[in-house]
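Undergrad: I have a structure here, written as structure tokens, and I will follow up with some questions on it.
Where a number appears in this text, it was derived from the coordinates with a stated rule and is not lab data. Note that this is a predicted model, so its numbers are computed, not measured. As a convention, Cβ positions derive from the backbone with ideal geometry for all residues, glycine included, and neighbour counts pool all protein chains shown.
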Amino acid sequence: MSKPNKKLPQKAVKIFCFNCRALLYKYRKGGKGSLVKCFKERITEDYTSVSGMCPECEQQFARETMIRGAPAFKIIGGKVFVK
């Protein structure tokens, strides 16, 4: 399988916790679909202390995994929203 593009997309989004509205990441998202995974190399600013856990309510919102040979977070459905 092919790896994700090394060139970062132009569109930057903010990812928030759905439960407490805390800011989790600033992320360079490609495409116009819903957020299913976050490649670690595309995260521009990380506001979490423990990976995959919300810093405010300490709820797990993602799991670490390898997708197409690159480290990524697999987002758990309904735990985050994007602006």
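Undergrad: Anyone know which of 11, 37, 29 comes out most mobile in the 10 Å Cα GNM of the chain?
TA: 11
Undergrad: On to the next question. Read phi for every residue in the range 52-66 and hand back ³J(HN,Hα) as whole Hz from Karplus 6.51 cos²θ - 1.76 cosθ + 1.60, θ = phi - 60°, with x for Gly and Pro.
TA: The phi angles translate into x, 10, 6, x, 8, 9, 6, 9, 6, 10, 7, 10, 6, 7, 10 Hz.
Undergrad: Please find, in a Gaussian network model of the chain (springs between Cα atoms separated by less than 10 Å), the residue of 70, 62, 22 whose mean-square fluctuation is greatest.
TA: Highest fluctuation among the options: 70.
Undergrad: Residue by residue through the range 30-43, what is 3J(HN,Hα) from phi via Karplus (6.51 cos²θ - 1.76 cosθ + 1.60, θ = phi - 60°)? Round to whole Hz and write x for glycine and proline.
TA: x, x, 10, x, 6, 7, 10, 9, 10, 6, 4, 6, 9, 6
Undergrad: Can you give the relative contact order of the chain as a percent, counting alpha carbon pairs under 8 Å and 6+ residues apart?
TA: On the way: 156 pairs, mean separation 27.6, N = 83.
It rounds to 33 percent for the chain.
Undergrad: Principal axis lengths of the range 12-82 from Cα atoms, whole Å, largest first?
TA: Largest first, the range 12-82 extends 31, 22, 22 Å along its Cα principal axes.
Undergrad: Follow-up question, since we're still on this one. Can you give the longest stretch of the chain with no exposed loop site, where a site means GluC sites (Glu not before Pro) in a DSSP loop (not H, G, I, E or B) with at most 16 other C-beta atoms within 10 Å? Working shown, then result.
TA: Working: sites that count: 56, 58.
After excluding every exposed loop site, the longest remaining stretch is 1-55.
Undergrad: Where Lys and Arg each count +1 and Asp and Glu each count -1, what net charge lies around residue 62 among other residues with Cβ under 13 Å from its Cβ? Spell out each step's value before the answer.
TA: On the way: positive: 37, 40, 63, 74, 79; negative: 46, 64.
Charge balance near residue 62 sits at +3.
Undergrad: Residue by residue, what Karplus-based ³J(HN,Hα) values in Hz, rounded to whole numbers, does the range 77-83 have, using 6.51, -1.76 and 1.60 with θ = phi - 60° and x for Gly and Pro?
TA: Using θ = phi - 60°, the values come out as x, x, 9, 10, 9, 10, 10 Hz.
Undergrad: Under 5 Å between amide H atoms, partner at least 5 residues away or on a different chain: which partners does residue 62 have, H built in plane at 1.01 Å?
TA: Amide H to amide H, under 5 Å and 5 or more residues apart or across chains, residue 62 pairs with 76.
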